[in-house]
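Report on the following structure.
The values are calculated or read from the model by the stated rules, or taken from the named source; none is laboratory data. On a predicted model such as this, the values are computed, not experimentally measured, just so you know. Quick reminder, even Gly has a Cβ in these numbers, built from the backbone with ideal geometry, and neighbours come from all protein chains shown.
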Amino acid sequence: MSENNIIVVGIFVVDLAFVASKLPLPGETIIGDNYIIGPGGKGSNQSVAISRSGGKASLIARIGDDQFGEVGRNLYQKENVYTEGLIIAKGEKTGSAAISIDKNGMNSIIVVPGAASGLKKSMIDEKLHLFRKSSIMVTGFEVPLDIALYCLKKAKSEGLMTILNPAPYFDIDNTNFKLVDYLTPNEHEASSLTNIEIQNIDDARVAGRRICELGVGTSIITMGEKGVLCTTNSDDHDGLYIPSYKLKEKVIDTVGAGDAFNGAFATAISEDMGLEDALNFANKAASLSVRKSGAALSAPFREEINQVWFKDL
Ligand code: RIB
């Protein structure tokens, strides 16, 4: 493993996704059109997105020794994700996610982390040598919150750049934000964090400044088809706005689009791409991912991302 790895601390689950014309209301049963079973879990999806977009991904995740866990192990072998950080918990169940997807590709998700919720600080300590061989650490809030924060601290003390995808959203002590070089909330997570309702780019500008005031190095608010707003410090009044890439193909499934974005962004940063180029690269990856069903497996490959320039936008 080379020194320029991107270490991801996250979860792997098997996604059970059900497609119907609409999302069911509470108490309602509806007839769906299709179902898809495939690899998921934000951190795991991000590691695949890193590898497919040309980065060197190394994953720390805790899975069970069951059939779902085997899906993960096969995935990493096929996708060239480095697995020394994988922890196999004997007799425990790998997690799973129940996903509903409507005809516009919109989704709602319940994720049960299973064995991943047993990830402990001592286990991270045993894998610290993997941090030392990496230049970037990516994590999020699907792993236990104390573990995500511990990893941020360890990563900073080892001199790594940190990317925190605060999904699903949880409140954390504000002192932790100084450990975050890049915070990548979607508009809902950014609204929860700042108490600013984000409906448009101007709202995101205000929220981005507020996030930087908390101590984050760079705030990157992803807003789906509305694009991305990146703010680098609290005096950066306008921020950098990157519109989304509107590809000709129909939106099939938005599950994993944020993970494709985070993974490709980490790859770009590991290659020392400039911030604007990195955001464009990640934006293209996210746009491409919604053309396919599935979470991990909808992440585009480097060649596809590079070709977006030649498509009609
Ligand atoms: O970001 C999408 C992912 O969120 C899905 O793969 C699901 O498993 C949940 O973790």
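At a glance:
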| read-out | value |
| --- | --- |
| Cβ-Cβ under 6 Å pairs, at least 6 apart or on other chains, the stretch 247-271 side within 17 Å of residue 16 (Cα to Cα), far side near the ligand (Cβ under 9 Å from one of its atoms) and assigned to a loop (DSSP other than H, G, I, E, B) | 255/295; 256/295 |
| Pairs, first closer than 17 Å to residue 79 by Cβ and away from the ligand (no atom under 16 Å from the Cβ) in the stretch 280-306, second at pLDDT 95 or above and in a loop (DSSP other than H, G, I, E, B), C-beta under 7 Å, six or more apart | 302/53; 302/54; 305/53 |
| Any chance residue 233 is among the polar types (S, T, N, Q) and within 16 Å of the ligand (Cβ to nearest atom) | no |
| Test: residue in the stretch 13-28 that is touching a Gly at 6+ places or on another chain (Cβ under 7 Å) and more than 15 Å from residue 295 (Cα to Cα) | yes |
| Only listed residue being modelled with pLDDT of 95 or more and out of contact with any Phe, Trp or Tyr (no Cβ under 7 Å at 6 or more places or on another chain), chosen from 297, 229, 247 | 297 |
| Residue count for the stretch 75-118, restricted to those that are assigned to a helix (DSSP H, G or I) and more than 18 Å from the chain's Cα centre (by Cα) | 4 |
| Selection count where residues are aromatic (Phe, Trp, Tyr) and within 14 Å of the ligand (Cβ to nearest atom), scope the stretch 255-275 | 1 |
| Residue ranges of strands (runs of 3 or more DSSP E) in the stretch 1-74 with at least 2 members without any contact (Cβ under 8 Å) to a residue 60 or more places away in the chain and within 16 Å of the ligand (Cβ to nearest atom) | 34-40, 57-64 |
| Failed item, numbered, when residue 156 is tested on (1) of a type in the set (Lys, Arg); (2) closer than 16 Å to residue 47 by Cβ; (3) surrounded by fewer than 18 Cβ atoms within 10 Å (Cβ to Cβ) | (2) |
| Odd one out for residue 127, checked against (1) away from the ligand (no atom under 15 Å from the Cβ); (2) out of contact with any strand residue (DSSP E or B) (no Cβ under 6 Å at 6 or more places or on another chain); (3) not aromatic (Phe, Trp, Tyr) | (2) |
| Whichever residue in the stretch 188-210 is among the acidic types (Asp, Glu) and exposed (fewer than 14 other Cβ atoms within 10 Å of the Cβ) and, among such residues, is farthest from residue 226 (Cα to Cα) | 197 |
| Yes/no for residue 238 being crowded, with 19+ Cβ neighbours inside 10 Å and among the acidic types (Asp, Glu) | no |
| Any hit, the stretch 107-115, residues being farther than 15 Å from residue 61 by Cβ, within 16 Å of the ligand (Cβ to nearest atom), of a type in the set (S, T, N, Q) and touching a strand residue (DSSP E or B) at 6+ places or on another chain (Cβ under 7 Å) | yes |
